[in-house]
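Some notes on the structure that comes next.
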Amino acid sequence: MSPRRTETGGRIDRLRTIRFTFDGAPYTGHAGDTLASALLANGVTLFGRSFKYHRPRGLLAAGVEEPNALVTVLRGEVREPNIAATMVEIYDGLVAVSQNRTPSLAWDIGALNQLGGKILSAGFYYKTFMGPVIGPLKGTRFWMFCEHFIRRAAGLGKAGTAPDPARYERMNAFCDVLVVGSGPAGLMAAKAAADQGARVILADLEAHFGGSANWSGETIDGMSAADWAQRTVAQLGGNDNVRLLPRTTVWGYYDGNTLAALERVTDHKEVAAKGEPRQRYWAIRAGTVVLATGSFERPLVFPGNDRPGVMLAHAAERYANEYGVLSGQRIALFTNNDSAYRSAVALKKAGAAIVAIIDVRSDVSNEMRRLASDAEAELLADHAVVATEGGKALTGLKVQRFDAMSGALSGDERSIHADSLLISGGWSPTIHLASQAGAKAEWDPARQAFLPPKPTHRWIGAGAFTGSFSTAEAIAEGRAAGLQAAGGAESSAPLPVVEAAPGNPDPAPVFEIKAKGKSFVDFQHDVTAEDVRLAHREGFVSVEHLKRYTTLGMATDQGKNSNVPGLAIMAEALGKPIPEVGTTRFRPPYTAVSIGSLAAERFGDLKPERLTPMHDWHLANGARMYSAGLWYRPMIYGLAGETVEQAYVREARATRESAGIVDVSTLGKIAVQGPDAAEFLDRVYTNMFSTLAVGKARYGLMLREDGLAFDDGTTWRLGEQEFLMTTTTANAGKVMQHLEYFLDVIWPELKVTVTSVTDEWAGAAIGGPNARAILASCVTGTAVDNAALPFMGIVQGRIAGVPVMICRLSFSGEMAFEVYSGAGYGTHVWEALIEAGKPFGLVTYGLEALGTMRIEKGHVTGAEIDGRTTARDLHLDWMLSKKKPFIGSAMMDREGLIAPDRLELVGLIALDNRPLNGGGHIVEELDEANPHDSLGHITACCYSPALGKYIALALVKGGKARHGTRAFVSDPLRNRFGPVEIVSNHFYDPDGSRMHG
Amino acid sequence: MAEQPLPERQSPLEPEYHPGSHGNFEHGVDVILSETRPGSILQLAAWPGEEKRLIEIIRKVTGLALPDGAGGGVSSGGRAAFGFAPGKFTVVDEAEGLAQAFAGSITPAIGTLTDLSHGRTAIRIAGPKAEWVMAKFFAIDFALPAFPLGAGRSTNHHDIFAQIQRSGADQFDIYVFRSFARSFWKALCHASEEVGYEVQ
Amino acid sequence: MLITCPYCGPRDVIEFTYQGDGNRERPQPASQDLDAWNAYVYDRLNPAGDHSEIWQHSGGCRAHLRVVRNTITHEILSTEFARGGHKSADNRAEDRP
């Protein structure tokens, strides 16, 4: 048995030994131990080095609020830093290391920082990293160089660089009652609500339910409180309407009673089961929340209060009663309230010697005097600790007479030999979640604590959270809260009977003992009482400013220990009462939350992607895929050894020479149906659709309400009241919302339904001089000649037995057809077309060749319809009907939208025969050293096989008037400068003779 | 000329559809995943005020009597119907050709019919952990009292829009856009590993 | 934040798309009153307090809702279909199970 482990007692299983390492050294512990309790049992006193001064630090707490004992847990290549050792359950093979020390915890070079304590005072970073504002080092690289080392010297654990292979998951949960905290109050609330039939979730951040019942040593209903808690949990577990979530931290309270929680599913396990996530992020929608989150014991602020061996009183009690570990053999206690006396008795019972109880108060009650004598402790009322002694472990302390009213010390210092000093500065309710929910905490002068105010959301408080620190009160309030939350009537049934040590919950208003030496307020961020006063002297009077300037309460523990003492010291410096100074509002998360759990399934392989029906065919036939939004589309079908440019040039050239086929299934397709469908389209498009004959298609343009261009595409009239609208791939969702908005909000009288049918149809566009011959060879049930299928005509037929709809329209500028079939037949039809095209040398082409041919034709896409251009800018004014109003018609002629110097669509030819780049600027005079006076920019570019030149589309000021003139491309980012000729955007076959055949 | 028979429709899940037991199945299979591949998936919409007439037409054509209430639905034999939006219903038949059966009866005065038989993919999850796995994807309450038998819900998982019908006490049919189906299926399998799953 | 869709019930805000100030009045389609159009297209009320807004349940039934929301507390005071009359004609929202 290890030196500090008690023979009996606690919830650990002494028969099960668990092996782990800390800083490379092997240790053993027992099942039920945390890393903190196991190391403490092994006599370890030094757990970490402090943030700024690298001071040796030991355990202060036993729970989530632990500020000092932060460790990094290693699993394979993955390191997780900054976990409180008190929250790490040990398992066989656990590897943990300490942080912020070089080279080792015991010998730390950084401890030299203590000598520079005056320099590293409050606001150090603000003062330092501004750099010297005058003198030779002003704004120099040398200063930046120093900053690197200064920043490295201070800090917490290091994040790993290896990818995290762990699985994280998100869960959505709904309940009538969410109970946060499973102490006596939470258990009673959960039980009462569950008995009413409510759906209950009980969450606790600890591994074991029970809260203080697990270590208080109290008796409930004649059994130990720990047994009572276990029995109650077992009863709850038997209910179908109860979900128990241990190891689950409720860390965020959001609008609509939505709460965020993190469940540590496998962090305590040697190996996760197959498919088991490491952590689960629970999004809980609760009817009512019962906040039974308990309270934190506060440290006292005095010189040397951070020495290893100084611990919160309840924490030592918990280590003894729950884990069977003594914090020391000779224990002294230093308190401003009654609760420490109970701790003293408990530790005495567990086998330690209580050498002294130092109480700042003069009026110690007779009940407490009796407890002190039960603990066989010398009671030093009217005294305070003024110093501690020892290096990496405590050896003793010094006390002096103290006047609680004036804070004055008097008389001689007296030394007391002790290896453990337990401190209690009163208790602060854990009001974080209520504060997140928007509640402004209220200062209670009796409790010397911020108490939760009236709820602003549907929550009910119970137990220590409300400032009711006794277990009997917690039980009564818990049951009442559970009943109320479940909508039940108040109960007059007898409550469980509690036997507990007596105690007054109100502490003396003493937070700090002012004596020589560093007195820490925030242990984790190394903020001293003097830092707080310095901040005040430097003019920081608001609590929010104080927090940021001193960094008080800003580390991973978020001031769970330091918040109230810091405020009290600030208030004293300001000469104001604490409620006037106020407190900061707590924000989520309550404790650190892994980024992995928030990202959950939203990355990597599980990111949603959209695939066309022919996706697998493309992959099997050499397509290099390209992500376009969520879609995957072939970029090129490259041959061996081909560059991207060679591939698309070959594909485009072959299409213009014979025929090419491209997958256009991603185009947005919207069924527009109903008696008012034609009228609706007339309002939505700038041109007329009511005049369109059934069986014909028309190219349409939509504007936004502000008159700028929105989207374009062809719409096919399949029946008198039935249209198939196509949109660009990128805008499909936006256009759908646009149509739905107008139908639902603006014109609810129109009888029109719009439905996304993008996924219903597989689409293949086949174009080129031989396209019609290919179709003729494989289409049955209809002719495809000019009479049956004129430009913009639609026919229905079959290909390889599958019904298809064919529309003759062209994006490539060639004689071209779009062939639509049911998506489930997409590959079947595609393969039949490929087969039919073989005698004609049909090529498959990808987005690059598609883009090349559209640039050659001067067609616009999203690169030109960029939310800043008008129909006129794009030379689409011929589509603006004068016969009817349409969306955007009233606004499109505004002064600024018809100004002569607007950017207009033009074509560019590179005169130096070198590639152009999208985004490159067009200038009148080239000035490489000082690029200026942009006339516009390139929107799309390619090598044109049809022209044998590098060409581009561009938006250029006064574009049309510049046709035939020379300008320059100026692209300093890519160092591309050179002459271009400005031409019409219709580079190729401007009169359309090829597509009209 | 006699028409060639139609080829079999290609499933979007094909390369990722692996019948058999997967994940943590040694401890028991707690969900069964399958693609139900109905022949017909239709969307019917009624103009405001015409909903009752449309519901009556659905009953006449399919024999499915839709219960009252938003999202009300029914699933019986190889057919299913449920409301998914005001005045809008999804009607499913394991056989093809349901659109033709409705063709004459849904007149322009009543509403519209849209055939989505190819455009939506139907995935079924069944088993004691079906609610648990579904809760990983959708922020809706899957408990039986909140989501009764036969009822339909419209919701989404990130960009993946889904219509969900409870077709059994522990069985749900999920209708997703075909283009997203494989992505959703992969995620569904991944999320089911923990409880052990079987693909049928 | 939860928004109660009259058709789908309470749903998480991630299922909804904000579609702007609900107090705007679109001029008649043929109107040439540029001031009125300008107000409709660009002017938005931005009250600190109760605000009438249009939200689309884009991740659900896709209906547009008129939502009265307190912009300070995020409290949702009421929701109804933006499409006037549909609710009463359908009469299916009230008898949701």
Check: Taking region A:968-985 on its own, how many of its residues are surrounded by 16 or more Cβ atoms within 10 Å (Cβ to Cβ) and under 48 Å from the mean Cα position of the chain (by Cα)?
Finding: 9
Note to self: Every residue in region A:479-499 that is under 30 Å from A:E367 (Cα atoms) and in contact with a Lys or Arg (Cβ under 8 Å, 6 or more places away or on another chain), please.
What the structure shows: A:R479, A:L495
Next item on the list: Count, please, the residues in region C:1-49 that happen to be small (G, A, S) and at the interface with chain A (Cβ under 8 Å from one of its Cβ atoms).
Entry: 2
Item checked: Enumeration of residues in region B:172-185 that are facing another protein chain (nearest Cβ under 7 Å) and touching a residue at least 60 places away in the same chain (Cβ under 8 Å) -> B:R178, B:S179, B:R182
Next item on the list: Please go through region B:1-15 and pick out each residue that is outside any loop (DSSP other than H, G, I, E, B) and in contact with a Ser or Thr (Cβ under 9 Å, 6 or more places away or on another chain).
Entry: none
Next item on the list: Please tell me if A:I951 is crowded, with 22+ Cβ neighbours inside 10 Å, in a strand (DSSP E or B) and more than 40 Å from the chain's Cα centre (by Cα).
Entry: yes
Notebook entry, point to check: When only residues in region A:417-471 that are among the hydrophobic types (A, V, I, L, M, F, W, C) and free of Cβ contacts under 8 Å to residues at least 60 places away in the same chain count, which is surrounded by the most Cβ atoms within 10 Å (Cβ to Cβ)?
Noted result: A:A439
Check: If we keep just the residues of region B:16-60 that are assigned to a loop (DSSP other than H, G, I, E, B) and of a type in the set (D, E), which is nearest to the other protein chains (Cβ to nearest Cβ)?
Finding: B:E50
Margin query: Just the residues that are more than 11 Å from chain B (Cβ to nearest Cβ), touching a residue at least 12 places away in the same chain (Cβ under 8 Å) and crowded, with 20+ Cβ neighbours inside 10 Å, please, taken from region A:743-772.
Written below: A:L743, A:G763, A:A764, A:A765, A:I766, A:G767, A:G768, A:N770, A:A771, A:R772
Note to self: Can you pull out every residue in region A:637-695 that is free of Cβ contacts under 8 Å to residues at least 40 places away in the same chain and at negative phi?
What the structure shows: A:G638, A:L639, A:A640, A:E642, A:T643, A:Q646, A:F689, A:S690, A:T691, A:L692, A:A693, A:V694
Checklist line | Which listed residue, of B:G119, B:G127, is of a type in the set (G, A, S), under 20 Å from B:R166 (Cα atoms) and in contact (Cβ under 8 Å) with a residue 24 or more places away in the chain | finding: B:G127
Next item on the list: Using the structure shown, decide if B:H118 is within 13 Å of chain A (Cβ to nearest Cβ), modelled with pLDDT under 95, over 18 Å from C:Y7 (Cα atoms) and crowded, with 17+ Cβ neighbours inside 10 Å.
Entry: no
Checklist line | Residue match in region C:26-37 (condition: touching a Ser or Thr at 6+ places or on another chain (Cβ under 6 Å) and either surrounded by fewer than 19 Cβ atoms within 10 Å (Cβ to Cβ) or modelled with pLDDT under 95 (or both)) | finding: no
Next item on the list: Out of the residues in region C:18-60 that are in a loop (DSSP other than H, G, I, E, B) and among the polar types (S, T, N, Q), state the one that is nearest to the chain's Cα centre (by Cα).
Entry: C:N23
Margin query: Taking the condition of being at the interface with another protein chain (Cβ under 8 Å from one of its Cβ atoms), buried (at least 21 other Cβ atoms within 10 Å of the Cβ) and in contact (Cβ under 8 Å) with a residue 40 or more places away in the chain, how many residues in region C:59-75 meet it?
Written below: 5
Item checked: A:L743 in the same structural domain as A:T715 (by TED's automatic domain parsing), in contact with a strand residue (DSSP E or B) (Cβ under 7 Å, 6 or more places away or on another chain) and assigned to a helix (DSSP H, G or I) -> yes
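Here is a yes/no grid of residues against (1) farther than 28 Å from A:I887 by Cα; (2) away from every other protein chain (no Cβ under 14 Å); (3) surrounded by fewer than 18 Cβ atoms within 10 Å (Cβ to Cβ):
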site: A:H615; (1), (2), (3): yes, no, no
site: A:Y632; (1), (2), (3): yes, no, no
site: A:A647; (1), (2), (3): yes, yes, no
site: A:V672; (1), (2), (3): no, no, no
site: A:N687; (1), (2), (3): no, yes, no
Item checked: Filtered residues of region B:67-79 (kept if assigned to a loop (DSSP other than H, G, I, E, B) and either within 13 Å of the chain's Cα centre (by Cα) or within 10 Å of another protein chain (Cβ to nearest Cβ) (or both)) -> B:P67, B:D68, B:G69, B:A70, B:G71, B:G72, B:G78
Margin query: Could you check region B:138-152 and list, in sequence order, the residues that are among the hydrophobic types (A, V, I, L, M, F, W, C) and more than 8 Å from chain A (Cβ to nearest Cβ)?
Written below: B:F142, B:L144, B:F147, B:L149, B:A151
Notebook entry, point to check: Pairs, please: C-beta under 6 Å, at least 6 apart or cross-chain, first residue part of a strand (DSSP E or B) and at pLDDT 95 or above and in region A:829-856, second of a type in the set (A, V, I, L, M) and surrounded by 21 or more Cβ atoms within 10 Å (Cβ to Cβ)?
Noted result: A:T844/A:I661
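The values are calculated or read from the model by the stated rules, or taken from the named source; none is laboratory data. This structure is a prediction, so every number in the text was calculated from the model and none was measured. Glycine gets a Cβ as well: all are built from the backbone with ideal geometry, and neighbour counts include every protein chain shown.
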